[in-house]
């Protein structure tokens, strides 16, 4: 007899992360005019570790800020070269995460 494998649709079991991984995932919050504008619609912009995955970012935000996350979008910003007082330097790249919170959830990043 063959046993049939059944897959549950749209069900993903998130991997378990340690507390150390979650606290090292989020480096800082990003406060600019654009992030303030998107913050009014229930989203938060964070600077995250370069190796962080979407699932790890979601777990870290839900654990550290005690909110429910609807979705996570990640953007990698490349570093660029820049001249400062005639000396060539390099700005480091950064990985940003735009985290959309579920309805009724909010995070006050100014008082953290």
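The values are calculated or read from the model by the stated rules, or taken from the named source; none is laboratory data. Predicted model only: the values in this text are computed from it and were never measured. Please note: Cβ atoms are built from the backbone with ideal geometry, for glycine as well, and neighbour counts cover all protein chains shown.
One table, with the values for the structure above:
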| item | result |
| --- | --- |
| Residues satisfying the stated conditions in segment 68-90, i.e. exposed (fewer than 12 other Cβ atoms within 10 Å of the Cβ) and under 22 Å from residue 26 (Cα atoms) | 75, 76, 78, 79 |
| Those strands (runs of 3 or more DSSP E) lying entirely in segment 30-94 with at least 2 residues under 9 Å from the mean Cα position of the chain (by Cα) and closer than 18 Å to residue 105 by Cβ | 43-48, 69-77 |
| Members of segment 40-53 that are free of Cβ contacts under 8 Å to residues at least 40 places away in the same chain and surrounded by 15 or more Cβ atoms within 10 Å (Cβ to Cβ) | 53 |
| Some residue of segment 77-87 being in contact (Cβ under 8 Å) with a residue 12 or more places away in the chain, touching a strand residue (DSSP E or B) at 6+ places or on another chain (Cβ under 6 Å) and closer than 14 Å to residue 50 by Cα | yes |
| Pairs, first surrounded by 10 or more Cβ atoms within 10 Å (Cβ to Cβ) in segment 9-30, second part of a loop (DSSP other than H, G, I, E, B) and at pLDDT 85 or above, C-beta under 7 Å, six or more apart | 24/49; 25/49; 25/52; 27/49 |
| In segment 21-43, the residues that are modelled with pLDDT of 90 or more, under 15 Å from residue 58 (Cβ atoms) and touching a helix residue (DSSP H, G or I) at 6+ places or on another chain (Cβ under 7 Å) | 25, 26 |
| Selection count where residues are in contact with a helix residue (DSSP H, G or I) (Cβ under 8 Å, 6 or more places away or on another chain) and either modelled with pLDDT of 90 or more or part of a strand (DSSP E or B) (or both), scope segment 98-112 | 2 |
